[in-house]
1. Mind telling me which of the residues Leu121, Leu68, Leu160 ends up being without any contact (Cβ under 8 Å) to a residue 12 or more places away in the chain and closer than 27 Å to Thr174 by Cβ?
2. Filter segment 164-179 down to the residues that are loosely packed, with under 11 Cβ neighbours inside 10 Å and without any contact (Cβ under 8 Å) to a residue 12 or more places away in the chain and list them by number.
3. Suppose the filter is in contact with a strand residue (DSSP E or B) (Cβ under 8 Å, 6 or more places away or on another chain), outside any strand (DSSP E or B) and among the aromatic types (Phe, Trp, Tyr); does Phe106 pass it?
4. Hey, could you check segment 67-84 for residues that are assigned to a strand (DSSP E or B) and more than 14 Å from the chain's Cα centre (by Cα) and say which is surrounded by the fewest Cβ atoms within 10 Å (Cβ to Cβ)?
5. Test Arg182 against the criterion of being in contact with a strand residue (DSSP E or B) (Cβ under 9 Å, 6 or more places away or on another chain), surrounded by fewer than 15 Cβ atoms within 10 Å (Cβ to Cβ) and outside any loop (DSSP other than H, G, I, E, B), and give yes or no.
6. Might you let me know whether segment 30-44 holds any residue that is of a type in the set (Asp, Glu), touching a residue at least 12 places away in the same chain (Cβ under 8 Å) and touching a helix residue (DSSP H, G or I) at 6+ places or on another chain (Cβ under 6 Å)?
7. Pull up segment 185-200, narrow it to residues that are among the hydrophobic types (A, V, I, L, M, F, W, C) and either in a loop (DSSP other than H, G, I, E, B) or at pLDDT below 95 (or both), then point me to the one that is nearest to Cys87 (Cα to Cα).
8. Any idea which of (1) in a loop (DSSP other than H, G, I, E, B); (2) in contact with a Ser or Thr (Cβ under 7 Å, 6 or more places away or on another chain); (3) more than 24 Å from Leu129 (Cα to Cα) is the one Asp20 doesn't satisfy?
Amino acid sequence: MQTKGKISCSCGLCSLELNDHRPRYSVLCACEDCRQAHMWASKFGGKQPKDILYSIYFRSDISEVLGLSSMRVTQLRQDARSTRIYCNHCYSCIAVDHINYANNIFMIQPDHCEQSFNVELAPKAVINLCDYPGALAPLPSDEIPVFHTTRYPQERQRFLDITPIRKMLSPPDTPAEGQTIRDVIASIGEVEVLDLKVGI
């Protein structure tokens, strides 16, 4: 069994302890929603986002939640596909769930929370470049697969063919020992819909 690791906010009020903190894969995400969510949080003390965000994925298996009463759960809009957990004091984002994760994994963006373990992992893809605000995005390698969007079936399939992305999006071989990310979200309370306008 792997040593447990902790994801926490910058002020230390909130944290998630993972039963398995091995990063499963990472991507570089240029999506407008991620930037908009962090821009919203920055108005309350959160960190300003970069144009491309390093995003890393873990198994949805949480052994302990600290500071539940200091957590806030949000979605950008009524039709949002992502749900984010923030500290309501420092506005660090400590976890992101997405409808496509099917409660098997969850994501963090390490620049916007604290971790007690190494999160350095070579990205498997650059995604959502259709939302990149600049002319030419800097890429870490000419070899890394680039996805402008995964709205189209062929692009989604190409993304899912990347090892280990397909495996991690599939149901795990064994059930979670602790709470899943959706259990945690449910225990925090009602999801707050921010009703932010697209593109702002």
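The values are calculated or read from the model by the stated rules, or taken from the named source; none is laboratory data. Computed from a predicted structure; not experimentally measured. Cβ coordinates were reconstructed from backbone atoms using ideal geometry, including for glycine residues, and neighbour counts include every protein chain displayed.
1. Working: Leu121 fails: without any contact (Cβ under 8 Å) to a residue 12 or more places away in the chain; Leu68 fails: without any contact (Cβ under 8 Å) to a residue 12 or more places away in the chain.
Only one candidate passes the filter, namely Leu160.
2. Asp173, Thr174, Pro175
3. Values: in contact with a strand residue (DSSP E or B) (Cβ under 8 Å, 6 or more places away or on another chain): yes; outside any strand (DSSP E or B): no; among the aromatic types (Phe, Trp, Tyr): yes.
Considered against the rule, which asks whether it is in contact with a strand residue (DSSP E or B) (Cβ under 8 Å, 6 or more places away or on another chain), outside any strand (DSSP E or B) and among the aromatic types (Phe, Trp, Tyr), Phe106 comes out as no.
4. Start the filter on segment 67-84 by keeping residues that are assigned to a strand (DSSP E or B), which leaves 71-75, 82-84.
Of the ones still in play, those that are also more than 14 Å from the chain's Cα centre (by Cα) are 71-72.
Working: Met71: 25, Arg72: 19.
Ranking the qualifying residues of segment 67-84, first place goes to Arg72.
5. Here the answer is no, as Arg182 does not meet what is asked.
6. yes
7. Restricting to residues being among the hydrophobic types (A, V, I, L, M, F, W, C) and either in a loop (DSSP other than H, G, I, E, B) or at pLDDT below 95 (or both), the top hit is Val191.
8. (2)
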